[in-house]
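See structure below.
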Amino acid sequence: MSVYTQSPIALVKGKGAKVWDIEGKEYLDFFPGWAVSGLGHCHPRVVNAIKNQCKKIIHVSNNYYNNLQLKLARLISDSSFGGKVFFCNSGAEANEAAIKFARMYGHPKGRFEVISMENSFHGRTLATVAATGQAKIKKGFEPLPEGFKHVRFNDLAAAEEAITEKTVAVMVELIQGEGGINVASKEYLSGLKGLCRDRDILLIFDEVQTGMGRTGKLFGYQHYGLEPDIMTLAKSLGGGVPVGAMVVRKEIANTLPRGSHASTFGGSPLVCSAALAVFKAIDKERLLDNVNKMGEYLLSCLERLKAKHPVIKEIRGVGLMVGVELSKEGKPIVEECLKRRLLINCTQERILRLMPPLIVTKKQVDRAMGILDEVLSEK
């Protein structure tokens, strides 16, 4: 079905920050797998974990205990805010679970409304489309589920004004990825935390893109000195295989009773083995240090390009999650970079999105910046 806009290449092999197409041409991938391949393509630890697990058992029903699922849940919990974990297969499913959790939490008092942000993106299910603050994502799917409000991002007063006696949760991305790499301020998140705490409203952090080291911390919220009630994860959690997770503050985790929610494939031994390998790689290979170092270097390179090319209006981002806002359409830039073997993304029509893998090197950043420089000089 033609639901995707696809570039005219067929990728058949990947290693680290590089991929090869069916004709054998090599590309530098600065948006690997829509940021799913956070460790780069086919990281050896992930490959070996999957290979070894395939010889044992691939899938276990959640009617039974799964020791790898327990290990992964414990690792996520110990690495974050000590919550309990529900496993699923994607960011949309993790956010759907968070919305259902919030509804169940508020049900005894008749509270069901979720406040999310303009320009947000939370997934493609009907509930997560309703939570998404972009009209183009909703078009054609109306009527959508009720109970969602959207307010301006980074505007605490707007959030406070939207709260009513029916509000049960506030859902926010720490960095809006699809929305254009818009970064939440510390004052804003601190204010949201206070509002939610004082009014018994759940604070949900969508960390589908910012989680697993992307920002230089294991989880993006760790930059802010506060904790959410619920956090959602996916994308690079599995190092390339489909896995999502909802993490809920321990004190309220039993809100969902047995039988109220489930996921057939969620947290299988195969995907848990891969996710455990991702955690190990980030730790043993000191990848957070590399993200901070290369993120700072990437931003400095882009600032130099900004000084050279007036078409660049603004550079923003944290770690290796960076946006380059242009004064004109970005699609031709992306297409020309593709011709020169650099894979990047454009969102919101004018914002180039760069999210290289956590293992990216200075040499690879230099090569990418050289290609972007050439393209901007000609375009």
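Considering Ser300, Ser273, which residue is under 30 Å from Val85 (Cα atoms), more than 18 Å from the chain's Cα centre (by Cα) and either aromatic (Phe, Trp, Tyr) or in a helix (DSSP H, G or I) (or both)?
Ser273
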message = Considering only region 222-230, I want to know if a residue exists there that is of a type in the set (Ser, Thr, Tyr) and either without any contact (Cβ under 8 Å) to a residue 60 or more places away in the chain or in contact with a Ser or Thr (Cβ under 6 Å, 6 or more places away or on another chain) (or both).
response = yes
query = Does Gly319 meet the test of being crowded, with 19+ Cβ neighbours inside 10 Å, on the phi > 0 side of the Ramachandran plot and not β-branched (Val, Ile, Thr)?
reply = yes
query = Only one of (1) touching a residue at least 60 places away in the same chain (Cβ under 8 Å); (2) within 23 Å of the chain's Cα centre (by Cα) fails for Tyr105. Which number is that?
reply = (2)
ask   = Out of the residues in region 193-238 that are in contact with a His (Cβ under 9 Å, 6 or more places away or on another chain) and part of a strand (DSSP E or B), which is nearest to Asp155 (Cα to Cα)?
value = Asp206
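Residues are listed down the side, and each one gets a yes or a no for (1) crowded, with 22+ Cβ neighbours inside 10 Å; (2) hydrophobic (A, V, I, L, M, F, W, C); (3) assigned by TED's automatic domain parsing to the domain that holds Leu226:
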residue: Arg103; (1), (2), (3): no, no, yes
residue: Glu113; (1), (2), (3): no, no, yes
residue: Met117; (1), (2), (3): yes, yes, yes
residue: His122; (1), (2), (3): yes, no, yes
residue: Val129; (1), (2), (3): no, yes, yes
residue: Lys166; (1), (2), (3): no, no, yes
residue: Gln176; (1), (2), (3): yes, no, yes
query = Out of all the residues in region 164-179, which are over 17 Å from Ala92 (Cβ atoms) and either under 13 Å from the mean Cα position of the chain (by Cα) or of a type in the set (Ser, Thr, Tyr) (or both)?
reply = Thr164, Thr167, Leu174, Ile175
task = Would you mind stating whether Lys55 is over 27 Å from Val248 (Cβ atoms) and either free of Cβ contacts under 8 Å to residues at least 24 places away in the same chain or exposed (fewer than 13 other Cβ atoms within 10 Å of the Cβ) (or both)?
result = yes
request  = Could you check how many residues of region 130-163 are touching a Gly at 6+ places or on another chain (Cβ under 7 Å) and in a helix (DSSP H, G or I)?
outcome  = 1
query = Which condition number in (1) basic (Lys, Arg); (2) in the same structural domain as Ile230 (by TED's automatic domain parsing); (3) not in a helix (DSSP H, G or I) is the one that Lys313 fails?
reply = (2)
request  = Working only within region 90-129, note down all residues that are hydroxyl-bearing (Ser, Thr, Tyr) and either part of a loop (DSSP other than H, G, I, E, B) or over 23 Å from Ala159 (Cβ atoms) (or both).
outcome  = Ser90, Ser120, Thr125
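Residues in region 1-12 that are in contact (Cβ under 8 Å) with a residue 24 or more places away in the chain and under 15 Å from Gly240 (Cα atoms): how many?
Residues meeting the conditions: 0.
The values are calculated or read from the model by the stated rules, or taken from the named source; none is laboratory data. Given the structure is predicted, the values throughout are model-derived calculations rather than measurements. Every residue, glycine as well, gets a Cβ built from its backbone with ideal geometry; the counts of neighbours run over all protein chains shown.
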